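Reading through the structure tokens given below for one structure.
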Amino acid sequence: MSRPDTISLVPPGWDGSGPKIEIHQFLKRFFWVAEELWKLTGDDARAAAIGEVLDAAYEREPVLLTTEDVDRMLQLLEGLPEAFVGTIVDEEWRLRPEQLPELRARTKTLDLDERRGDLALAAVGEALSNVGALENVLRKAQKRHLWVSFD
């Protein structure tokens, strides 16, 4: 049974009826996290480009990223952690407490909830790490010339 936040690696030309090669749970949401992270750095163009790739995927049935989409997404994710260090987070990928109110107002995908206390200071680092996990799966798809299905 597929979960709503699952992506799968599938062979090129996959029409939704054949077997999936690999299934990765809890990764789909990190496409939108990456989009929002680029917005936080001020790179609205790169954020918009991620949105365009995702929009194109959702226009297909089944919803998926083709080989070209995977290549493009990897290009768009490149340099994301480096864009944060020294500007928004420190070298350990942590926020300063005074940044939290502004970031809470500007984000929907980061876990900056006040109930997390000091753990909220690691929210950007957590998000960057999760986007890195997504990037690893996309690199695997790229290397093996596979498509990515949004289950």
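Normalise the Cα radius of gyration of the chain by 2.2 N^0.38 Å (N = residues in it) and let me know the number. Numbers along the way, then the final one.
Details: Rg = 16.1 Å, N = 151, 2.2 N^0.38 = 14.8 Å.
With N residues counted in the chain, Rg over 2.2 N^0.38 Å equals 1.09.
May I ask you to sort Trp32, Trp147 by Cβ crowding, counting other Cβ atoms within 10 Å and putting the fewest first? Let's see the in-between values first.
Values: Trp32 14, Trp147 23.
Least crowded to most crowded, the residues run Trp32, Trp147.
Could you derive backbone 3J(HN,Hα) for segment 19-35 from the dihedral phi with the Karplus parameters 6.51, -1.76 and 1.60 (θ = phi - 60°), listing whole Hz in sequence and x where the residue is Gly or Pro?
x, 8, 7, 9, 10, 10, 7, 6, 10, 4, 4, 6, 4, 6, 5, 4, 4
List the relative contact order of the chain as a percent without decimals, with contacts defined as Cα pairs under 8 Å and 6+ residues apart.
Numbers: 194 pairs, mean separation 55.7, N = 151.
Over the chain, the number comes to 37 percent.
To the nearest 500 deg cm²/dmol, what mean residue ellipticity at 222 nm is calculated for the chain from DSSP H runs of n ≥ 4 alone, each contributing -39,500 (n - 2.57), summed and divided by the residues?
-14500 deg cm²/dmol
Give, as a single signed number, the net charge of other residues whose beta carbon lies under 14 Å from the beta carbon of Glu92, with Lys and Arg counted +1 and Asp and Glu -1.
On the way: positive: Arg94, Arg96; negative: Asp90, Glu91, Asp118, Glu126.
Summing Lys and Arg as +1 and Asp and Glu as -1 gives -2.
Can you work out the FRET efficiency for the pair Arg29 and Thr67, with r the C-beta to C-beta distance and R0 = 30 Å, to the nearest 0.05? Walk me through the numbers on the way to the answer.
Details: r = 23 Å, r/R0 = 0.75.
E(calc), rounded to 0.05, equals 0.85.
Using modelled backbone amide H atoms (1.01 Å from N, in-plane), which distant-in-sequence or interchain residues come within less than 5 Å of Ile21's amide H?
Leu9, Val10
We did not get these values from a lab; they are worked out from the coordinates using the rules stated. This one's a predicted model, so the numbers in the text were calculated from it and none came from an experiment. Using ideal geometry, Cβ is built from the backbone for each residue, glycine included, and neighbour counts are taken over all protein chains shown.
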